[in-house]
Structures are given as structure tokens and as C-alpha cells.
Amino acid sequence: MRAFHSSTTSVGLLVLVLIFILLIALIVVFSHQILVDLAQVDAQANIVAYVVAIAFPLILLGLIVFQIVRLIRERATGKPGSRLKSRLIMFFVLIALLSSIPQALLSVNFVNSAINFWLEARIGEALRGGLSISLEYYRGTVESLRTFNSSSMMSFILEDLNRNPERLWKNVRTVNSDIQFIQVFDADGSELLFRGEPRGRLRSLGAFDGGTGDLPKEDREDASILRNAAVYELDGGQYTVVVGRLMPEGFDSKASSLTESLEIFSQLNRYKRLFRLVLIFFYFFFSLPIFLLSILVSFLLTEEIIRPIVNLEDATRRVAEGDFSFRILSRSADELSHLVGSFNRMVSELSHSREKLKQSEKISAWQEIAQRLAHEIKNPLTPIKLSAQRILKKYSADAEAESGSPAGGEFQKVLQASVSSIVREVDSLNDLLVEFREFARLPMPRLQSIHLREPVEEVAQMYRNLSTEVIIDSSHISEDSVIRADPGQIRQVLANLIRNAVQAMPKGGEVSIRSAVVNKGDRRFCRIWIKDSGAGIPEEIRGRVFEPYFTSKADGAGLGLAIVERIVFDHDGNIWFETQEDVGTTFIIDLPLGFAEA
Amino acid sequence: MVLRGRSVSGTVEYLDSNFAERGVSASQAVLASLWDGLRAEITFQLRLYRRSSGVFAFFGDRLLRERQVYQVASFDFYENRYKILRDNRITGEYAAETEFLDAFFSLPEIDLGEINTGDGGDYYLLARVRMMPVKIIPPLNIITLFSTDTVFTTPWVEAELKP
């Protein structure tokens with residue numbers, strides 16, 4: 001049996017989906033790579049990115065062009081399904097476009113709106129304003145320290161350095177409450193006084209020893225500290241006075257955040273036209289492969305969808321041409337698969353009916369021949385037999401009258417033997433004609449539901465009585481083997497097959513008869529196996545076993561299996577055999593199930 | 001490029017004239033960027049080669065070492081100082097523009113490892129500079145793929161190894 005594969009399999013679709021997901025993941029990873037890494041420094045890496053970025057869509061485009069060219073060629077050559085395939089692909093592409101275009105328009109609009117929103121002038125002004133305020137605060141603080149430390153008032157305040165340091169600190173705070181600590185060093189750099197916030201204390205003047213002015217801002221984890229140093233001459237000595245204050249907690253981090261935000265804003269603002277174009281370009285750059293991929297997948301999906309339809313169409317054409325050997329194999333479980341299943345059943349039934357019709361026609365022809373033979377041969381046989389008997393009788397009477405004793409000459413012996421031979425052959429021909437007539441007059445079955453066990457047991461018992469060398473096992477007839485059949489004809493079938501089986505084992509053996517219920521499509525049958533352990537059927541005659549008037553036996557008419565086949569067909573059943581030389585033969589019969597009596 | 005014993009070191013300086021050919025001053029572009037609250041970046045790329053001779057010349061000279069040094073400059077509005085960072089660490093703070101620009105556009109002597117001085121090989125250094133007056137942070141940096149006005153790269157300059 002030749003067969004098409006109709007495989008819209010879940011595995012195939014799963015593979016397609018996996019490839020799709022893999023490619024999408026690749027695009028996402030690739031886009032991330034481009035966005036974050038590749039654009040930074042390495043020009044060679046950029047070249048690789050360019051090559052991959054251009055090669056990937058080009059490969060997809062190439063595959064699509066290849067598919068389109070193939071489709072055009074298929075249409076030109078009139079390949080079945082090509083028109084449907086074109087329409088489906090156009091449909092898929094249309095759907096892809098219908099979903100992509102609004103999405104693209106929305107995305108571009110969104111990018112424009114987002115950039116315009118980010119770069120709104122007032123946001124820039126607010127950022128610059130924030131920076132300006134923080135700078136003013138910072139510079140104001142620095143200036144306050146500087147002004148205080150360079151003021152003439154400090155000379156008077158410092159007079160309390162040795163006399164009353166506490167008053168000195170109190171005076172400092174009174175004059176400028178922003179100052180949070182004061183530290184005084186002598187000319188050697190040794191600390192003479194420290195009052196105020198302990199975190200502001202310098203271990204030494206270090207590089208600023210003897211210097212005047214703002215000290216570099218000290219950034220610590222918990223605070224940043226501003227200091228100003230000034231040198232004073234007092235009582236012949238030289239003193240370095242450091243005043244300072246801690247910036248408010250979080251000032252540095254907020255200032256840093258403000259600076260970074262301003263940097264991002266300035267970058268965006270400076271390159272906003274380019275950035276907008278690049279974003280839109282990248283949107284299409286990454287959307288295009290996905291779109292191309294969708295089209296490519298639509299080609300593959302279309303192929304999968306139309307394959308069973310094309311197979312169905314091709315199989316229908318072949319069936320119409322008389323080839324009933326085609327079947328379409330489908331592993332899926334969708335509607336198309338059901339259609340394929342129905343088609344296969346239809347072809348199978350058509351094939352079966354066709355076979356039955358052919359067989360029926362053949363049998364009818366043979367029946368007609370048998371009828372004619374019976375009619376033509378039967379009529380002269382009786383006169384031949386009677387004439388031969390009369391010749392012998394007349395000659396014997398005449399010879400006895402002439403000689404006065406019963407005829408006993410050589411001629412009479414020859415005559416008696418010849419006439420006996422004629423009579424025997426005529427009787428044999430008569431028997432043959434009886435079989436012919438039976439075959440020719442085989443009536444239509446009168447169907448009724450019967451249990452298979454009854455005819456099997458009846459026939460098996462008859463042959464058990466006739467042959468002691470052969471064991472007939474009929475114990476494996478299933479309980480549900482109720483068939484719809486003509487009991488007389490089924491007995492005839494069983495008798496023929498069991499007789500053949502017995503005759504196939506002249507030295508003894510075993511005939512096994514068993515049955516079971518089987519499903520064929522949506523119908524249920526009773527399957528009967530009749531198995532012998534004989535020599536098997538020679539290969540050269542296997543094809544002619546069911547032909548009428550074909551026999552391998554010396555005394556058979558060759559009608560037994562022909563009658564069996566005819567009866568089985570008349571019962572809407574089926575018969576075939578399996579044989580192996582020196583192992584045995586099994587005849588298998590499928591008969592429609594009947595209805596078991598309640 | 002200098003060879004001391006077996007150690008090789010090199011210095012690179014980016015001359016403003018390389019940039020000026022484009023009609024703008026690199027110094028002014030960098031300062032304008034910093035004053036606008038942005039950062040500037042300069043990348044020095046050095047490659048130490050050994051010349052191949054004979055049939056091996058067909059395969060090109062052998063790359064022995066490659067170093068890339070990134071310097072990022074910013075302006076601290078609070079301190080009124082220019083700062084230079086290398087590997088995310090401040091390497092210099094400058095109040096004067098000229099000092100800052102000199103430091104930013106030049107790479108101090110950098111170690112390129114050791115070579116086998118006794119093999120009679122012929123060594124040379126290739127160097128180039130990639131300058132971004134505005135350091136563009138990811139993911140905005142994708143625009144550098146499409147614009148020639150954001151990144152300025154010099155051609156490779158060759159220097160012979162001097163013991």
C-alpha cells in the first residue's frame with residue numbers, strides 16, 4: 001500500500017515555535033548588546049555588530065525570496081496546492097502587516113512623545129535652577145566662612161585664645177552661627193584650640209600650613225566639610241585659624257544626582273534629533289527581522305496546513321483513476337486528520353466493494369458456465385451410461401444363447417472392463433455435475449444472529465468422528481462471537497475449511513479454531529481463525545486458491561474455497577489466509593457481528 | 001616609546017591640530033562640553049608589534065601587547081575645578097584650564113610589559129586616540145554608530161622602539 005504522510009504534527013509545530021522563540025531571544029540579546037556594549041568603544045566590535053545586524057535580516061530576506069521563487073515556479077508548473085498556498089501566505093502577510101503598521105505608528109509616536117516630554121524646556125530649566133540653587137548655597141557657605149575668617153573682628157575674638165577659650169568659641173558662634181567648628185594652630189602647626197563639631201577637626205594643617213584661603217572640601221562617608229584658613233599675628237606670635245562647617249546631610253549625593261540628571265538631559269537635548277532618528281531606526285531595525293521571520297514562518301506553516309489537503313486532492317485523483325491502493329497517513333488529531341480518516345475509510349470501502357463486485361461478477365460467470373455445463377453434459381450422460389450397460393447386457397445374453405453357457409471369452413472380459421469404466425466415469429461426471437449445480441444455485445443467505453459456537457461445534461464434531469489422527473480444538477471460541485449469518489451456509493464454510501485442513505494433514509495434526517471480536521474503522525467484526533499444522537500452501541498457487549475449478553487435489557472439483565469465498569462475501573465479510581510451508585496455514589474470516597439475545 | 005632594560009613604556013599625546021582639521025578646536029569643544037555639565041572622554045590605544053620577516057611577513061606583524069586607557073574629564077561646579085578620572089579614580093584636579101587640557105590630552109608613560117631584547121627583533125608601537133568631547137552614556141551611546149560628530153578617532157601613528 002502506498003501512502004502519503006499528512007503531518008501537521010504537534011512536534012513539527014513545537015519545533016517551529018521553538019525556532020521562533022530562539023530567534024526572538026537572539027534579537028533581544030543582540031539588541032541589548034548593541035544598546036549597551038557595542039556602541040561604547042571598540043570599533044572592531046562595532047564592525048562585527050554591523051555585519052551580524054545586516055547579515056541576519058539579509059539571510060531571512062534571502063530565505064523569503066527563495067520561498068517566493070519556489071512558489072512562483074510551483075504555480076507555473078501547476079503543482080497542486082500552489083494557488084491555495086499563495087492565498088494563505090498573502091493572508092498571513094496581510095495579517096502581519098495589519099498588526100505591524102499600527103504598532104509601528106504607535107511606537108514612533110510614543111518615542112516622539114516620550115522624547116518631547118523628557119526634553120521639555122521647563123525640565124531643563126528646573127534642573128539648571130536646582131543646580132544653581134545648590135551652587136548658590138554652597139558658594140554662600142564658602143563665602144560666609146571666608147568673610148568671617150578674614151574679618152577684623154577675628155583679631156579681637158582671638159584675644160581670648162589663651163585667656164578664655166570658651167568665650168572665644170561663644171563669640172564666634174554669636175557673630176556667625178553658620179560656623180560649626182574652629183581650630184587654631186601655632187606657627188609650628190601644633191593645635192592650640194579646637195571647639196565645635198568633632199568631625200571637623202584636622203589632624204594637622206599639612207599642605208596648608210601657613211596658607212590662607214579655602215581648604216579643599218573634605219568628602220567623608222557621613223559628611224562633607226568646608227573649611228577656610230587665615231593667618232593672624234597676635235602678641236608677636238603667628239596663628240593659623242581654621243573655621244568650617246559640615247554641609248547638610250545628603251547634600252553631596254543630591255548634588256551628584258542633580259549633576260548626573262543634568263548631564264543626561266544635556267546629552268539628550270544636544271543630540272535629540274539624532275537620538276530620535278536612531279530610536280526609530282532601531283525600532284524598525286529590530287522589527288524588520290521579526291516581521292521577516294513571521295513571513296518565513298507563515299511559509300512553513302502554510303506548507304504544513306496545505307500538505308494534507310494537497311495529499312487528499314492527489315489521492316482523490318489517483319482513486320478516480322482507479323488506484324485504490326493509496327492511503328494518507330496522519331499523526332495529528334485535528335479536523336483535517338478526521339477528514340483524512342474518513343477519506344481512507346471511503347477508499348477502503350470502495351476498494352472492498354470493487355473487489356466484491358469483481359469477485360461477484362467472476363463467480364456469476366463461473367456459475368453460468370457451471371449451469372451450462374451441467375445442462376449440456378447431464379443430458380447425454382444418462383443415455384451414455386444406459387447404452388453402455390445395454391451393450392454389455394445384450395452381448396452377454398446373445399453370447400449365452402449361442403454357447404448355452406455364460407459368456408466368458410476374451411472379448412467379453414474386455415467389454416465388461418470397458419463398460420464398467422464408462423459407467424464409473426459417467427457416475428464421476430454426474431457427481432461433478434451435482435457440485436456444479438450446487439455452486440451455480442448457491443442461494444442468497446438468510447441472515448440471522450447466531451452464536452458461532454453452534455455451527456463450529458457441529459462441524460468439528462462431524463470431522464472428529466471421521467478422522468482420529470487429527471485433533472480438532474474448538475475450545476477458543478469467544479463468548480461474544482455472535483454473528484449475523486445464514487447457519488446452513490456458515491456450516492458449509494466451516495465444513496469446507498476444516499475438511500481442507502484435515503486433508504492437509506494426512507499423517508495427523510491439529511486443527512485449531514478460535515475467534516475474537518475486532519474493530520475495523522467504526523465497524524465491529526467477529527474474526528475466526530482456522531489453523532492447521534499441515535505443509536502449507538506452495539507459493540506458486542497461493543494467488544489462485546480461491547479461483548473456481550482450481551484444485552491441487554486429485555479428486556476435487558476446485559469449487560470448495562470458491563464457494564467459501566462467495567458465501568463470506570455474501571455475508572458482507574472478508575476472507576484471507578496466512579501460510580508458511582512446513583508450518584501450516586491459517587484461514588481468517590471476518591464476519592459482521594450480530595446481536596446477542598438478551 | 002622607550003626601552004629600559006627589557007621593559008617597554010610609551011607616552012601618547014593628542015595634538016589639537018588633529019582635531020582642528022575638522023574646523024573646530026578640540027580644547028574648546030571639551031571645555032564647552034564640561035561647562036555644559038557634560039563629561040568628555042579620551043581613549044588612548046597602544047599596540048606593541050614585532051615585525052615579521054621572510055615568509056612570515058605574509059601573515060603580518062605579530063601583536064605582542066595591547067593597552068587601552070580611558071580618561072574621563074568633568075568640571076566640578078562647586079569646587080570650580082576640572083577633574084580627570086582614569087578607571088573611575090580621580091587622577092588629577094586642576095583649577096587652570098591649560099593644566100587640565102595638557103593632562104587630559106596626554107597619556108603619561110605607560111608600561112607595556114617586557115620584550116626579549118636579545119633576539120634582535122624589530123619592534124614598533126602603533127597608537128591612536130579616540131576622543132569624545134561629550135561622553136555619551138549608555139544606552140544613548142548608540143547614536144555614536146550613526147554620527148561622525150560625536151567621536152573623533154585619529155589614524156594609527158607608528159613609533160619605532162628606542163632603547
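No lab work stands behind these numbers, since they all come straight from the coordinates. Model, not experiment: these values are computed from the prediction. Cβ: placed from backbone, ideal geometry, glycine included. Neighbour counts: every protein chain shown.
Within straight-line reach of A:K254, meaning a Cα separation under 28 Å, sit the following lysines at least 8 residues removed in sequence or on another chain: A:K217, A:K272, B:K83, B:K135.
For the pair B:I137 and B:E97 in one chain, pulling the backbone fully straight at 0.36 nm per residue adds 12.0 nm over the alpha carbon distance. Say the dipole of the protein assembly as shown comes from +1 at the beta carbon of Lys and Arg and -1 at that of Asp and Glu; which of A:I563, B:L48, A:S512 then lies farthest toward its positive end? Towards the positive end, the residue furthest out is A:I563.
Each of B:K135, A:K394, A:K85, A:K520 was scored by other Cβ atoms within 10 Å of its Cβ. Listed from fewest to most, they are A:K394, A:K520, B:K135, A:K85.
Using Cα pairs closer than 8 Å and at least 6 residues apart in sequence, work out the relative contact order for region A:252-381, in percent. It would help to have the intermediate numbers written out before the result.
Details: 29 pairs, mean separation 17.0, N = 130.
13 percent.
Charged side chains reduced to their Cβ positions (Lys and Arg at +1, Asp and Glu at -1) give the protein assembly as shown a dipole of some 2220 debye around its Cα centre.
What the Cβ-Cβ distance of A:N269 and B:T11 gives, at R0 = 41 Å and to the nearest 0.05, is a FRET efficiency of 0.65. Hydrophobic long helices, here whole DSSP H runs in chain A with Kyte-Doolittle means of at least 0.5 and Cα atoms spread over 18 Å or more along the helix axis, are found at A:10-32, A:43-76, A:82-118, A:272-320.
Across every pair of different alpha-carbon atoms, what Kirkwood hydrodynamic radius in Å does region A:459-598 reach? Don't skip to the end; give the middle numbers.
Working: mean 1/r = 0.0643 Å⁻¹.
This gives a value of 15.6 Å.
Any chance you could run the full-extension gain for A:E425 through A:V518? It's 0.36 nm times the residue separation minus the Cα-Cα distance, nm to one decimal.
On the way: separation 93, 0.36 × 93 = 33.48 nm, distance 4.76 nm.
Contour length minus the Cα-Cα distance gives 28.7 nm.
Straight-line cross-link reach from A:K358 at under 28 Å between alpha-carbon atoms covers these lysines, not counting any fewer than eight positions away in the same chain: A:K520, A:K531, A:K553. Relative to the longest principal axis of the Cα atoms of chain B, the long axis of helix B:26-35 lies at roughly 40 degrees. Would you calculate the separation in nanometres between label points at B:D149 and B:I90, each defined as 7 Å from the Cα along the Cα-to-beta-carbon direction? It is 3.4 nm.
Of the residues B:G113, B:W156, B:V134, the one whose Cα sits farthest toward the positive end of the charge dipole of region B:83-163, with +1 on the Cβ of Lys and Arg and -1 on the Cβ of Asp and Glu, is B:V134.
How big is the convex hull of the Cα atoms of region A:231-365, per residue, in Å³?
Details: hull volume 28.6 nm³, N = 135.
Taking the convex hull of the Cα positions in region A:231-365, it is 212 Å³ per residue.
Distance from the C-alpha centroid of region A:570-596 to that of region A:446-462: 15 Å, rounded to the whole angstrom. Convex hull volume of the Cα atoms of chain A, normalised per residue: 362 Å³. The calculated FRET efficiency for the pair A:A114 and A:D323, based on their C-beta separation and a Förster distance of 56 Å, comes to about 0.30.
Out of A:P445, A:G584, A:M90, whose Cα points farthest toward the positive end of the dipole of chain A (charges: +1 Lys, Arg; -1 Asp, Glu; placed on Cβ)? Going by the Cα projections, it comes out as A:P445. Given region B:41-163, report the % of alpha carbon pairs whose separation exceeds 20 Å. Within region B:41-163, distances greater than 20 Å cover 56 percent of Cα pairs. The HN-Hα couplings worked out from phi for region B:65-74 by the Karplus form 6.51 cos²θ - 1.76 cosθ + 1.60 (θ = phi - 60°) are 8, 9, 10, 10, 10, 9, 10, 10, 10, 8 Hz, whole numbers, x standing for Gly and Pro. Each label point was placed 7 Å from the Cα along the Cα-to-Cβ direction; for A:D473 and A:R87 their separation is 6.1 nm. With kT/(6 pi eta Rh) evaluated at 10 °C and eta = 1.306 mPa s, and Rh the Kirkwood radius from Cα pairs, region A:68-149 diffuses with a coefficient of 84 µm²/s according to Stokes-Einstein. Partner lysines whose Cα lies under 22 Å from the Cα of A:K385, excluding those fewer than 8 positions away in the same chain, are identified as A:K393, A:K394, A:K413.
Would you please give the FRET efficiency between A:T147 and A:S261, computed as 1/(1 + (r/R0)^6) with r the Cβ-Cβ distance and R0 = 35 Å, to the nearest 0.05? Walk me through the numbers before you get to the answer.
Values: r = 32 Å, r/R0 = 0.91.
Here the calculated transfer efficiency is 0.65.
Classify region A:324-467 as rounded, prolate or oblate from the Cα gyration tensor: take a ≥ b ≥ c as the square roots of its eigenvalues, call it rounded if a/c is under 1.5, otherwise prolate when a/b beats b/c and oblate if not.
prolate
Phi angles of region B:39-53 translate, via the Karplus equation with coefficients 6.51, -1.76, 1.60 and θ = phi - 60°, into HN-Hα couplings of 10, 10, 9, 10, 10, 9, 10, 10, 10, 9, 10, 10, 5, 9, 10 Hz per residue; Gly and Pro are given as x.
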